[in-house]
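Reviewing the structure listed below.
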């Protein structure tokens, strides 16, 4: 019986090892794309963000209901709408940027998850500076080297600034 179990484990190791070895470069590539995208996204410069987005990408923040300017949410479908709506949000202030203090990052099946503290700084068109920080989980799906989905789960309740103003 022990020989059968040992043989089965050895066979599994021989079969699974190449597959597991191939997953590591794919995971590393997804993480690299996701990190580069997040760095571009942090600037809220649409020209920097655009090259990373798949045409059919979606941007979803289910925690943002009533939090976006005008009382809406940050949920968009398609590269064009994502760029247009994020661009409008960025333009609603004189300056705006974010930074992620990543506490944990992992990848599974092309989804890269960042658990972080999100800090933001900006200035209104009237010259009023604002800044704050709150926990966030951001998950981005990398498909064929592009971001096909971006999900944010932000602690709006713990946030110092009402983005819905």
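Within the stretch 24-42, the only residue that satisfies the criterion of being surrounded by fewer than 18 Cβ atoms within 10 Å (Cβ to Cβ) and touching a helix residue (DSSP H, G or I) at 6+ places or on another chain (Cβ under 8 Å) is 36. Within the stretch 116-139, the only residue that satisfies the criterion of being surrounded by 14 or more Cβ atoms within 10 Å (Cβ to Cβ), free of Cβ contacts under 8 Å to residues at least 24 places away in the same chain and over 12 Å from residue 98 (Cβ atoms) is 135.
Applying the condition of being in contact (Cβ under 8 Å) with a residue 60 or more places away in the chain and surrounded by 17 or more Cβ atoms within 10 Å (Cβ to Cβ) to the stretch 90-110 and asking which residue is nearest to the chain's Cα centre (by Cα) yields 100. The residues of the stretch 59-80 that are assigned to a helix (DSSP H, G or I), modelled with pLDDT under 95 and either in contact with a strand residue (DSSP E or B) (Cβ under 9 Å, 6 or more places away or on another chain) or on the phi > 0 side of the Ramachandran plot (or both), listed by number, are 62, 63, 64, 70, 71.
Matching residues to (1) in a strand (DSSP E or B); (2) under 24 Å from residue 30 (Cβ atoms); (3) out of contact with any helix residue (DSSP H, G or I) (no Cβ under 8 Å at 6 or more places or on another chain):
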| site | (1), (2), (3) |
| --- | --- |
| 57 | yes, yes, no |
| 96 | yes, no, no |
| 102 | yes, yes, yes |
| 114 | yes, yes, no |
| 132 | yes, no, yes |
| 137 | yes, yes, yes |
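If you check 66, 158, 87 for being loosely packed, with under 15 Cβ neighbours inside 10 Å, touching a residue at least 40 places away in the same chain (Cβ under 8 Å) and over 15 Å from the mean Cα position of the chain (by Cα), only one passes: 66.
Within the stretch 81-94, the set of residues being touching a strand residue (DSSP E or B) at 6+ places or on another chain (Cβ under 8 Å) and not in a helix (DSSP H, G or I) comprises 93, 94. Looking across the stretch 43-58, just one residue is closer than 19 Å to residue 96 by Cα, in contact with a strand residue (DSSP E or B) (Cβ under 8 Å, 6 or more places away or on another chain) and crowded, with 16+ Cβ neighbours inside 10 Å, and that is 44. Checked against the criterion of being in a strand (DSSP E or B), within 12 Å of the chain's Cα centre (by Cα), within 17 Å of residue 43 (Cα to Cα) and without any contact (Cβ under 8 Å) to a residue 24 or more places away in the chain, the stretch 142-155 contains not a single residue that satisfies it.
If the condition is being under 17 Å from residue 40 (Cβ atoms) and not in a strand (DSSP E or B), then the stretch 116-130 contributes no residue at all.
The values are calculated or read from the model by the stated rules, or taken from the named source; none is laboratory data. What you are looking at is a predicted structure, and each value in this text was computed from that prediction instead of being measured. Heads up, the Cβs are rebuilt from the backbone with ideal geometry, glycines too, and the neighbour counts pull from every protein chain shown.
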